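These notes concern the structure reproduced below.
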Amino acid sequence: MSTVGAWAFTRQNFKVVVSGFIIAGVCAGCGSSGSTSAVSAASGAPVDGTVTLSYAASLVGAMTNVIAPAFLKSSGYRISGYPGGSVALANQIKEKLRQADLFLSAVPSVNSSLSGAANGNYVSWYSDLASSPLVIGYNPNSRFASQLNSGNWYKVMQEPGFLLGRTDPKLDPKGVLTDTLVNDEGAKVGDPSLFKQILGSVENTSQIFPEETLVGRLESGQLDAGFFYENEAKLAKIPFIQTGIPVGAAFTISILNNAKNVRGAVSFVNFLYSSHGQQLMKSVGLMPEKPSVHGTGVPAGVKF
């Protein structure tokens, strides 16, 4: 197909639900800053030695600590990365507020907002890259830690004094997935009131925090538990439990049609799909997906 369609996405039992929310950008720093200069030809690396990447903020740790350094060592290309909410990043690209060579989204359907003439034709294809389930990360020093580990997490979260953290479903897809997970658990156990008992309401401000502060709040003891992607929890060394509900992120990658460094972007895509790249993603809690191209116009040299 020539354009990318929007849909509620299901892949290998991981569901991503998008319902018209706007995600705020996260201005977190990257290991390779946006001002990183290109590697000179004298160094033996490519002249156009910087690859610019707009990517889902939930991959900050994986990208800056593991993937970008390994890619630099392997190829000579540096990553100049900007993490943020997938929809916010797409909006910035479309509004020409940010230029990138690659777009890596946690929500597949966001690609459609950059597809077609009406949207600037920035994306004409994308490929499935990796997935990561939504898990419950908890503070090991919490008085509820042993109970969470014993099973029936949804009952423990209803205990008086339990402090739960999550992200805003109006701003972050993880917040949408959290709502979906709790609703699905309620249906599973036959308790339609579970959502209200655990989350209170969709916009319960006592539970909702910016994505970039959740780990710190949990580690400092301000929260007993929170909802994270497994790759985030693993990198932050946060103990976590699986929920038994198959909901999580589904990451995709695309080389943008206005990419300035196509050669470097192709190199990065090939690196991620190489055996080394696949092992690196596994090491940071990401489950590599078999390449599946949606759309047309993949640049020459891309090897899936």
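The values are calculated or read from the model by the stated rules, or taken from the named source; none is laboratory data. Keep in mind that this is a model prediction, so the values were computed, not measured. Cβ coordinates were reconstructed from backbone atoms using ideal geometry, including for glycine residues, and neighbour counts include every protein chain displayed.
Worth pointing out:
- Top-ranked residue of region 148-187 - restricted to ones that are of a type in the set (A, V, I, L, M, F, W, C), in a helix (DSSP H, G or I) and at pLDDT 95 or above, ranked as nearest to Val87 (Cα to Cα): Leu181
- Number of positions in region 86-111 that are farther than 22 Å from Leu272 by Cβ and polar (S, T, N, Q): 2
- Breaking point among (1) assigned to a loop (DSSP other than H, G, I, E, B); (2) in contact with a strand residue (DSSP E or B) (Cβ under 7 Å, 6 or more places away or on another chain); (3) modelled with pLDDT of 95 or more; (4) among the small types (Gly, Ala, Ser), for Gly221: (2)
- Residue check, Ala90 of a type in the set (A, V, I, L, M), crowded, with 22+ Cβ neighbours inside 10 Å and either out of contact with any helix residue (DSSP H, G or I) (no Cβ under 7 Å at 6 or more places or on another chain) or within 26 Å of Ile208 (Cβ to Cβ) (or both): yes
- Residues that are within 13 Å of Arg166 (Cα to Cα) and hydrophobic (A, V, I, L, M, F, W, C), drawn from region 206-257: Ile208, Phe209, Leu214, Val215, Leu218, Leu223, Ala225, Phe227, Phe228
- Residue match in region 187-197 (condition: hydrophobic (A, V, I, L, M, F, W, C), surrounded by fewer than 20 Cβ atoms within 10 Å (Cβ to Cβ), touching a residue at least 24 places away in the same chain (Cβ under 8 Å) and not assigned by TED's automatic domain parsing to the domain that holds Val269): yes
- Exactly one residue among Gly277, Gly248, Gly226, Gly285 is crowded, with 16+ Cβ neighbours inside 10 Å, in a loop (DSSP other than H, G, I, E, B) and within 18 Å of the chain's Cα centre (by Cα), and that residue is Gly285.
- Across region 65-121, the number of residues qualifying as under 16 Å from Ala249 (Cα atoms), assigned to a helix (DSSP H, G or I) and either of a type in the set (Phe, Trp, Tyr) or at pLDDT 95 or above (or both) comes to 1.
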